[in-house]
Amino acid sequence: MRAAVFSRAAQRRVRDNDHTFFGGSIGMGLSVPHLLMILAIVVLVFDTKRLQGVGVDLGEAIKGFRKAVKESDKIEELKQS
């Protein structure tokens, strides 16, 4: 009986602390207007061309990581055969 009460209390805590993007807050109470202001400041500080370069570099890094993971999986399959 005691475990069931704890379980309900834990579920209530998780539900009450659940932050959703479209619910108006994210993580530590940031709302969509706050995020838009932060994005505008970042664009003003770093310029769009520099941000584009960062995005390209990040995309290439992710592609490289995925390729390495696929190669690792293939090597593991060959070892198991």
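The values are calculated or read from the model by the stated rules, or taken from the named source; none is laboratory data. Note that the structure is predicted; figures quoted are calculated from it, not measured. All Cβ positions, even for glycine, are placed from backbone atoms using ideal geometry, and neighbour counts span all protein chains on display. These area figures cover heavy atoms from the full protein model, side chains too; ligands, DNA and RNA do not enter into them. Shrake-Rupley method; radii C 1.70, N 1.55, O 1.52, S 1.80 Å.
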**Request:** Give the calculated FRET efficiency between Leu58 and Leu78 to the nearest 0.05, with a Förster radius of 22 Å applied to their Cβ-Cβ distance.
**Result:** 0.10
**Message:** Solvent-accessible area of Asp47, probe 1.4 Å, all protein chains present, reported in Å² to the nearest ten, please.
**Reply:** 80 Å²
**Karplus-derived HN-Hα couplings along region 64-76 (A = 6.51, B = -1.76, C = 1.60, θ = phi - 60°), whole Hz, x at Gly and Pro** = x, 5, 4, 4, 5, 5, 4, 5, 5, 5, 5, 5, 5
